[in-house]
Amino acid sequence: MTIPILRARNLSKSYGPSTALAGVDLDIAPGDSVAIMGASGSGKTTLLHILAGIIRPDAGTVTYAGPSGPVEVGSLGEGARSRLRRGEFGFVFQAGLLVPELTAVENVALALMIKGTPRKAAEPVAAQWLAALGLAGMEHRRIGELSGGQAQRVAIARAQVGGASVVFADEPTGALDSQTSAEVMTALLGATSGRGRTLVLVTHDESVAARCGRTIHLHDGALLNAGSWEPRTLTTSVPAVPAAPPPAAAQQPEQRFVQRAVLQPAWDPMGGAR
Amino acid sequence: MTRIPVPLRLLRLLWRPGAGSTALVALPVAAFALVTALVLVVLAGAMTFYTAPPAEDGSTGLYQVLASLALALMLVPLATLGSSAARLSARRRDERLSTLRLLGATPGQVGALAVLESTLLAAAGAVAGVVLYAAAVPAVALLHFRGAVLGLDALWLSPLAVFATVAGVALLAAASAAAGLRRVVLTPLGVRTRQQPAGAHWLRLALGTAAVLGIVLALSLLGSLGSFLAIAAVAAGAFAAGLAVLNLLGPFALKAVAGRNLRRAATPERLLAARTVLESPKEAWRQVSGLAMASFVAVVAGTGLALMDSAASSGTDDVLVADIRTGVVITVVASFLMVACSAGVNQAAAVLDRAGLYTSLDRLGMPVAAMDAARRRAVMSPVRTVSIGSAVVGAVVVFPLTGIALVVSPLSLATIAAVLAGGIGLVWTGLRATTPVLVRVLAAGHRS
């Protein structure tokens, strides 16, 4: 029996008179990729934000089984949740939300620098991630000089460069056309569940959800089908790569990941390049 | 039914501040109020030299010239502050403006609306500024000029002058808002800043160096003339040329310093700050160029004063030197005050402009203190470069004189240095004042 990496119990959240979440229970297995679907206003982004410790639930608990033992996310203070987010979690937003003045490699390195990694050590690791995601040679471009799909792959590199255990993605393909969307999903899955990391994403897009290991549906703040949370065998074209060691030894596994990413035909790093 | 122009009708619709937007209205209004009050006070002070009966020693003309010079110097920071306030009020309603575009309003209508709004905010601020001016006059009346206090009576401007100032500030806001709109793209999907190519060409460096050489050459030729008039003429010429040099060199210097900072940046805040300046050195320069003038003047005038101070023989000269010193200190303090205000207003606008980005950095776990430090550094680094750099350029331009002044009258120069240091602190305080805006933006991100 696997211990869930994220365990939510009886989550409730209201904004004034409107209920966003009404008693949600959810377990997410390590290495799984979970798509949260639902109509607008069904509470899916609220659920994502509570799981990630961005906002606190009105009631209920979120337990994160981190490397240093279980943590009750909701009970942590603002500063502790900030530390948890920069240490253990990664984020991919719909619009990328990269820093426009910084180059691609600086944007990715920033995530490591926030954690205290010196810039000299951070930038080479960041560059390797970019190369692995098909952005070799574009390290020094500014974000405005990249296409939407390329910017989103920079965001994926930023989310995983620190070795996050869980990556939260809010409509990561929402602003992309269907082909670019498929390519970004390949990159996202390859960088997360493909490496034994956990991916939780919110999406409107059935084809995006279908790529994930598991899909849950929210309706009016309640789960329609929690389903089995035990990871199912993936049938998607995600390369089955073993989990990388913890981020402390980031350099080596990242290099191996680079080689695998380039060698694996199913993992098409150049696919999204314009 | 009378036909109301579309922008006016839209304005009536939008002129309902939502919850939480109070600060966004208050900021530009407060900035405009300060601008107006400063203009009125300075104008009133300058007017005293024009309305007073001619002095027996014939110094009236000199006083009038100096007062006009002080006024001219304050125009640059004043215009910067005015346009910052105008841009803040224009950005404030970005979302609503793009919604209007989405609903089919033409860019012209939305633009007119933004300009109209800025103008109204400026007018409201200007009226508040008149009250502020009235409150400040008793304190200003205590200043000593020509051996006597200015007195209350001399400082009351005619209603016409007050009205003209209020109208002028409103017009300035309208013009700045219109100019500011050229730099943003108003689309139905949002308002974003146009991509601007990074400026600061090497040609500036070449032209600037040539100009400095020219000035030094001219000064060495004229420096042999010992009379006060010659010194004054040389100072005026050097001053005008120096300002031109500063404007040529400014963006280039900021770009060079930021480039060096970028290579050395080891922390996220240093990296972000350096990249922010490099993004547009011209914009960074524009924000702080008022300081260049003030610092330059402070050093050039301070040097002159120190020399005159030590050379002064008659009582009249003593009074004149003291008066010029008062004038220089007032001009420098007012310039820093305006730059501090416009830095604060600009930063408030920038934080609101980039709310989504700051929220995303917060989600990545970047501490608020680091984000705050990054944006403060992005302003303070140019402020330091510009005020110290301009002071150095000023010292170089009147080089032999500065050296002499340093020897014969170190206290005068120490005063100037203290005023500059205090001014830098003032700008820092202005930036600190915008931290709550960032905190509020992040708190809003936590609610969504």
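For region A:22-114, please list each of the helices (runs of 4 or more DSSP H) lying entirely inside it that holds at least 2 residues being at pLDDT 90 or above. It would help to see each step written out before you state the result.
Details: elements: A:44-51, A:78-88, A:104-114.
Fully inside region A:22-114 and qualifying: A:44-51, A:104-114.
Going through region A:169-205 one residue at a time, which ones are of a type in the set (D, E, K, R) and without any contact (Cβ under 8 Å) to a residue 60 or more places away in the chain?
Across region A:169-205, the qualifying residues are A:D177, A:D205.
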Practice item. Kindly check whether there is at least one residue in region A:107-130 that is away from every other protein chain (no Cβ under 12 Å), among the small types (G, A, S) and surrounded by fewer than 19 Cβ atoms within 10 Å (Cβ to Cβ). Key: no
#### Entry: Any chance B:D323 is over 21 Å from the mean Cα position of the chain (by Cα), more than 14 Å from every other protein chain (Cβ to nearest Cβ), buried (at least 19 other Cβ atoms within 10 Å of the Cβ) and part of a helix (DSSP H, G or I)
yes
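Just give me the residues in region A:54-74 being of a type in the set (S, T, Y) and buried (at least 18 other Cβ atoms within 10 Å of the Cβ), in sequence order. Lay out the reasoning, then the answer.
The first filter runs over region A:54-74 and keeps only residues of a type in the set (S, T, Y), leaving A:61, A:63-64, A:68.
Answer for region A:54-74, where residues must be of a type in the set (S, T, Y) and buried (at least 18 other Cβ atoms within 10 Å of the Cβ): A:T63, A:Y64.
Please enumerate the residues belonging to region B:389-448 that are more than 14 Å from chain A (Cβ to nearest Cβ) and either touching a strand residue (DSSP E or B) at 6+ places or on another chain (Cβ under 7 Å) or of a type in the set (K, R) (or both). Walk me through how you get there before you give the answer.
The initial filter retains those residues of region B:389-448 that are more than 14 Å from chain A (Cβ to nearest Cβ), namely B:389-438, B:440.
If the condition is that a residue be more than 14 Å from chain A (Cβ to nearest Cβ) and either touching a strand residue (DSSP E or B) at 6+ places or on another chain (Cβ under 7 Å) or of a type in the set (K, R) (or both), then B:R432, B:R440 are the ones that fit.
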Scanning region A:37-53 for residues that are surrounded by 23 or more Cβ atoms within 10 Å (Cβ to Cβ) and within 12 Å of another protein chain (Cβ to nearest Cβ) gives A:T46, A:H49, A:I50, A:A52, A:G53
Inside region A:80-104, the number of residues satisfying the requirement of being more than 8 Å from chain B (Cβ to nearest Cβ), under 17 Å from B:V368 (Cα atoms) and not aliphatic (A, V, I, L, M) is 1
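With the structure loaded, tell me whether B:V392 is part of a helix (DSSP H, G or I), closer than 30 Å to A:L47 by Cβ and either at pLDDT 75 or above or touching a Phe, Trp or Tyr at 6+ places or on another chain (Cβ under 7 Å) (or both) or whether it fails that test.
Working: part of a helix (DSSP H, G or I): yes; closer than 30 Å to A:L47 by Cβ: no; either at pLDDT 75 or above or touching a Phe, Trp or Tyr at 6+ places or on another chain (Cβ under 7 Å) (or both): yes.
Answer is no for this residue.
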Checked region B:340-388 for anything basic (K, R) and away from chain A (no Cβ under 14 Å); matches are B:R376, B:R384
Residue hits (region B:132-162; without any contact (Cβ under 8 Å) to a residue 24 or more places away in the chain and within 17 Å of B:L38 (Cβ to Cβ)) are B:A134, B:A135, B:P138, B:A139, B:A141
| query | Given the structure, is B:L62 closer than 30 Å to B:A433 by Cβ, at pLDDT 70 or above and in a helix (DSSP H, G or I)? | reply | no
By residue number, the members of region A:156-181 that are touching a helix residue (DSSP H, G or I) at 6+ places or on another chain (Cβ under 8 Å), modelled with pLDDT of 85 or more and not polar (S, T, N, Q) are A:I156, A:A157, A:R158, A:A159, A:V161, A:A164, A:V166, A:V167, A:F168, A:A169, A:D170, A:P172
Per the filter on region B:349-375, residues modelled with pLDDT of 85 or more and closer than 18 Å to B:P281 by Cβ are B:A374, B:R375
Checking B:P382, B:P410, B:P400 in turn, the sole residue that is modelled with pLDDT of 85 or more and either in the same structural domain as B:P251 (by TED's automatic domain parsing) or out of contact with any Leu (no Cβ under 9 Å at 6 or more places or on another chain) (or both) turns out to be B:P382
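The values are calculated or read from the model by the stated rules, or taken from the named source; none is laboratory data. Quick caveat, the model's predicted, so the values are computed rather than measured. Here Cβ is always computed from backbone atoms with ideal geometry, including for glycine, and neighbour counts include all displayed protein chains.
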